[in-house]
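The values are calculated or read from the model by the stated rules, or taken from the named source; none is laboratory data. This is a predicted model, so every value here is computed, not measured. So basically every Cβ, Gly included, is an ideal-geometry build from the backbone, and we count neighbours across all protein chains shown.
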Amino acid sequence: MELEFDVKIDGAVLYDYMMHHTYSSVSGLMGTMVGALLVCSYFMGMGILYLLLGGVLLLYLPVSLWMRARRQAAMTPAFKHPLHYRMTEEGVEVSQGEASELTEWSRMYKAVSTRGGLILYTSRINAFIFPKKDLGEKLIPTIEMISTHMPPSKVKIRA
C-alpha cells in the first residue's frame, strides 16, 4: 500500500503541534498546575498578587507559543511551499522541490493525534505534522498506515 498527500504548514498548524508538545511534558503541566493553584489561592482569601501571578503563568505559555508559531511559519523557508509526503511499506518520504528524505518506520518514535492533525514523531522533538484539513479523505488511510507499521504502544491516535 502506498499513500501520497501534500501538506501546508502555517502558524495555526505549528501552534497546534507546539501546544501538544509543550502540554504533554512535565514542565508544561507543572506550570499550569502552579498557575491554577495561585489563582485558587486568590479565591481562598490571599492577595491580588496571587491572582496576577497565576494569570501570568496560565496565559504566558499559550500566548508565547502562538507568537513563536506565527513567527516561525513566516520565517522558515521550508514552510513557504507545501511538503509532499509519500507513505510506503519502507517508511515515510518527505519531499519539497528537488530535496527528498526517507525515514524508515523502525525509526519512528511515536504517533499522536491532536485537535488539528496527526503528529508522527521521528525523535523526541522532531516530527512530521499532518494537518487534518490537508489530509481530507486520506485521514483514515493515513491512520491505518501508521497503525499498521508502528507498534501499538507507540500509537496514541484518536480519529
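Within region 2-46, the only residue that satisfies the criterion of being among the aliphatic types (A, V, I, L, M) and in contact with an Asp or Glu (Cβ under 8 Å, 6 or more places away or on another chain) is Val7. Filtering Phe79, Phe43 for residues that are aromatic (Phe, Trp, Tyr) and in contact (Cβ under 8 Å) with a residue 40 or more places away in the chain leaves a single hit, Phe79.
Evaluated against (1) in contact with a Phe, Trp or Tyr (Cβ under 7 Å, 6 or more places away or on another chain); (2) in the same structural domain as Asn126 (by TED's automatic domain parsing), Glu89 falls short on exactly one condition, (1). The set of residues from region 5-32 being β-branched (Val, Ile, Thr), assigned to a helix (DSSP H, G or I) and buried (at least 18 other Cβ atoms within 10 Å of the Cβ) comprises just one member, Val13.
To keep it simple, each residue is scored yes or no on (1) of a type in the set (A, V, I, L, M); (2) within 30 Å of the chain's Cα centre (by Cα).
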| residue | (1), (2) |
| --- | --- |
| Tyr17 | no, yes |
| His20 | no, yes |
| Ser27 | no, yes |
| Thr32 | no, yes |
| Ala36 | yes, yes |
| Ser41 | no, no |
| Ile48 | yes, no |
